[in-house]
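The values are calculated or read from the model by the stated rules, or taken from the named source; none is laboratory data. In this text the structure is predicted, and so the values were computed from the model without any measurement. Cβ atoms come from the backbone with ideal geometry, glycine included; neighbour counts cover every protein chain shown.
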Amino acid sequence: MSRRVSIFGATGSVGQNTVDLIGRDPDAYDVVVLTGAGNIKQLAEDAIRLRADMAVTADEARLDELRAALAGSGVEAAAGEAALLEAADRPADWIMSAIVGAAGLAPGFRALRHGTTLALANKESLVTAGPLLLAEARANGAEILPVDSEHSAVFQGLVGEDIAAVERIIITASGGGLRDWPVEALASATPEDAGAHPNWDMGQRITIDSASMFNKAMELIETKEFFGVPAAKIEAVIHPQSIVHALVGFVDGALMAHLGAPDMRHAIGYALHHPDRRHLPVSRIDLAQIATLEFYAPCDIRYPALKIARAVMETGGKAGCIFNAAKETALDGFLAGRIGFMDMSGIVEGTLDAISSKTSLSIAPNTLEDVLNTDHMARDMAWAQIEQHQT
Ligand code: NAD
Ligand code: MG
């Protein structure tokens, strides 16, 4: 029987890599839903090509356009937030969660409620609502498989191992597009400068988050939440070649590394075929040709996001949710030209401080609604910080 699969965020960078893998073996899959937001042409084309039952755009105003693009194909069209949730109700065996940002949270929760295996690229789900998400999966006997490349690497390093024997987890970072800029020049970096990645081809937001290392900061928190390992055991190291994705260190001193080409189809394919391993169309590593793998410690001045992530991990509770919302808002402010590249960390710290002076951050949100309310409140606070910054 073919497997029923859905892709949330199908038109994005992770989504398109998932479409690519599934499109290579169409008979093996019964595609239920593809979702997107603005890129209607791509969404409709892929839905028709993969013979999906349904295509959903998050943007309600684009429904007519989507309907027109799907006319005569037999693919159902829908739009809006409620339609995204209904799409997550459609029975499926495996769902890719690759919407960017906190918007990816609710559909993932909904899929877990049905016991569906969730391939999780949307790291915001774990950072903002890790304990709730894992509890939802446990309560419904659903599996969550990490798709972030570092977390897939750690997950693979833990196969057959006892988590109690893990002494440390090291995730690698490329250092991003501004890695070789002098620190003093970073304040004047534009979205264009920060949006060019040396090794990975990814969406714009995560690429800029790589340059600021807010992405790695998110991933430190993601590691703590997903693997249940204390913050003190988790490290990030700069590795400019992006060949080693993560390392797991055990109590006997052994360090198991995961190597692979910087191609998201590794992690997506592992989650798609788990627990099996199948052939994947990714380039193979030639160690002699690479010759050198470098590693060095990230500098706190260049990458203040890492220190903030440490504080967030120590606090727990709502801190992750506020951190993510403030960081997404700060990035909006940077993209809009309202603040500079190096101002983003100040906005995030300022938002965490402002909220902690009113309420205890360590009290965890109890429901998804709590999470979304905290998210909205933190976005408002972060915008207020951005406005203050200008005056
Ligand atoms: P992207 O910007 O390329 O694509 C995002 C997708 O989400 C698109 O399909 C877009 O249409 C959709 N979308 C955007 N806003 C939406 C909204 N409000 N509601 C519903 N859908 C919306 O992003 P990406 O780089 O593919 O990243 C997706 C997720 O995967 C992010 O959480 C990111 O951190 C994570 N991730 C990405 C990579 C990568 O290589 N790109 C690697 C690891 C993890
Ligand atoms: Mg990653």
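For segment 143-174, a tally of residues being charged (D, E, K, R) and within 11 Å of ligand 2 (Cβ to nearest atom) returns 2. Exactly one residue among ALA82, ALA164 is within 29 Å of HIS376 (Cα to Cα) and either more than 20 Å from the chain's Cα centre (by Cα) or within 11 Å of ligand 1 (Cβ to nearest atom) (or both), and that residue is ALA82. Screening LEU50 against (1) closer than 24 Å to LEU133 by Cα; (2) of a type outside the set (Val, Ile, Thr); (3) surrounded by 17 or more Cβ atoms within 10 Å (Cβ to Cβ); (4) within 16 Å of ligand 1 (Cβ to nearest atom) leaves a single unmet condition, (1). Evaluated against (1) surrounded by fewer than 24 Cβ atoms within 10 Å (Cβ to Cβ); (2) within 29 Å of ASN366 (Cα to Cα); (3) without any contact (Cβ under 8 Å) to a residue 40 or more places away in the chain; (4) within 16 Å of ligand 2 (Cβ to nearest atom), GLY177 falls short on exactly one condition, (2). Cβ-Cβ distances below 7 Å connect the following pairs, each with a first residue in segment 374-386 that is farther than 14 Å from ILE347 by Cα, a second residue that is small (Gly, Ala, Ser), and a separation of six or more residues or different chains: ASP375/ALA102; ASP375/ALA325.
Here are some residues: LYS327, LYS307. Which one is within 15 Å of ALA217 (Cα to Cα), free of Cβ contacts under 8 Å to residues at least 40 places away in the same chain and part of a helix (DSSP H, G or I)? Break it down into steps so the answer makes sense when it comes.
On the way: LYS327 fails: free of Cβ contacts under 8 Å to residues at least 40 places away in the same chain.
Just one listed residue meets the conditions, LYS307.
Of everything in segment 8-36 that is assigned to a loop (DSSP other than H, G, I, E, B) and over 19 Å from ARG110 (Cα atoms), the residue that is nearest to ligand 1 (Cβ to nearest atom) is GLY12. Note on segment 185-281: enclosed helices (runs of 4 or more DSSP H) holding 1 or more residues that are within 28 Å of ALA135 (Cα to Cα) and either within 12 Å of ligand 2 (Cβ to nearest atom) or at pLDDT 95 or above (or both) are 204-212, 214-227, 265-273. For segment 76-98, the set of residues classified as touching a residue at least 40 places away in the same chain (Cβ under 8 Å) and more than 16 Å from ligand 2 (Cβ to nearest atom) consists of LEU84, ALA87, ALA88, ARG90, PRO91, ALA92, ASP93, TRP94, ILE95, listed by residue number.
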